[in-house]
Amino acid sequence: MKSDQSGFTVINGTPIYFEQAGEGTPIVLLHGLGLSARMWDAQFSHLAKHYHVIRYDLRGFGQSLPTSPTTFSHVKDLKALLDYLNIAHTHIMGLSLGGRIAIDFALKYPAHVNRLILVDSALGGFRFEEAWYEQINAILQLGQAGNIAMAKRSWLNHPLFIPILQGNVTTRQQFEQIAGDDAGWHWVNPGLEAPLKPSAATRLNSIKAKTLVIVGALDLPDFQQIAAVLAQQIPDVQKVELANTGHMANMENPELFNEIIIKFLASP
């Protein structure tokens with residue numbers, strides 16, 4: 001069935017914006033912190049030639065803005081969206097925050113996941129270096145003080161994004177536009193997401209889906225370490241490191257990235 005469509009569906013009281021295109025086996029794309037579904041522009045139409053592709057703005061990002069701050073679960077939001085779209089089984093690809101959500105979903109709803117693609121992924125229960133928390137807490141303080149513009153600018157200037165900001169001019173401008181359009185809701189309303197318990201870091205060996213781990217060679221040490229842990233502990237896994245690429249692997253090196261994704265999804 002052809003599935004070109006965009007719009008909103010209300011999930012647990014919040015309008016969630018989604019887009020879908022193509023036909024065949026579904027694949028869901030989950031974006032990173034402070035961004036939106038638009039970060040997958042280089043993958044969305046390309047993958048739609050082969051698959052039924054769904055991308056959406058996570059709760060609190062892009063156009064999916066809650067009317068009031070209440071507790072929620074990104075994992076349950078994804079399950080509700082799949083139910084709305086009548087999708088029982090899907091591949092899932094997530095970058096950074098999106099990767100952490102993909103892992104959690106695969107643990108909570110294993111029967112619904114075909115394959116996992118984890119790109120420069122975060123990991124629930126992983127302890128980052130202290131510098132990470134210091135930087136994030138400083139941004140949260142700006143957001144909660146009402147200085148959303150400065151919070152967004154501070155996030156954009158995080159060391160995480162040095163490679164993409166120093167790379168291709170067109171890609172940098174696209175990234176800056178996506179990050180700049182973020183409403184900053186998550187900086188003003190932190191701590192509302194209900195965590196998966198026990199955390200994913202304690203049970204990666206329970207993941208049943210065949211998994212691809214992608215990490216940029218220029219990504220921060222924390223994310224390099226997460227990629228190593230995922231590759232060591234997920235049972236059916238392969239890892240690819242992209243040279244001269246940072247945290248935003250899909251945007252920084254889209255042609256090679258797309259080639260790797262298509263090959264993985266088509267493999268036995």
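Every number in this text was worked out from the coordinates using simple rules, so none of it is lab data. Computed from a predicted model, the values in this text were never measured in an experiment. Every residue, glycine as well, gets a Cβ built from its backbone with ideal geometry; the counts of neighbours run over all protein chains shown.
Conditions (1) surrounded by fewer than 22 Cβ atoms within 10 Å (Cβ to Cβ); (2) over 15 Å from L82 (Cβ atoms); (3) touching a residue at least 40 places away in the same chain (Cβ under 8 Å), marked per residue:
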{"residue": "T14", "(1), (2), (3)": "yes, yes, yes"}
{"residue": "E19", "(1), (2), (3)": "yes, no, no"}
{"residue": "A42", "(1), (2), (3)": "yes, yes, yes"}
{"residue": "Y56", "(1), (2), (3)": "no, no, yes"}
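Of the residues A111, A88, only one is surrounded by fewer than 20 Cβ atoms within 10 Å (Cβ to Cβ) and not in a loop (DSSP other than H, G, I, E, B); which? Result: A111 is the single residue among A111, A88 that is surrounded by fewer than 20 Cβ atoms within 10 Å (Cβ to Cβ) and not in a loop (DSSP other than H, G, I, E, B).
Of all residues in segment 160-204, those that are of a type in the set (D, E) and crowded, with 16+ Cβ neighbours inside 10 Å total 2.
Total residues in segment 1-55 satisfying the condition of being touching a strand residue (DSSP E or B) at 6+ places or on another chain (Cβ under 8 Å) and assigned to a strand (DSSP E or B): the figure is 23. Taking first residues from segment 129-153 that are of a type in the set (K, R) and partners that are surrounded by fewer than 14 Cβ atoms within 10 Å (Cβ to Cβ) and part of a helix (DSSP H, G or I), the Cβ contacts under 9 Å between residues at least 6 apart in sequence or on separate chains come to K152/G180; R153/G180.
Condition check for T245 on (1) in contact (Cβ under 8 Å) with a residue 24 or more places away in the chain; (2) outside any loop (DSSP other than H, G, I, E, B): one failure, at (2). Just one of (1) more than 30 Å from Y109 (Cβ to Cβ); (2) touching a residue at least 24 places away in the same chain (Cβ under 8 Å); (3) not acidic (D, E) fails for N205. It is (1).
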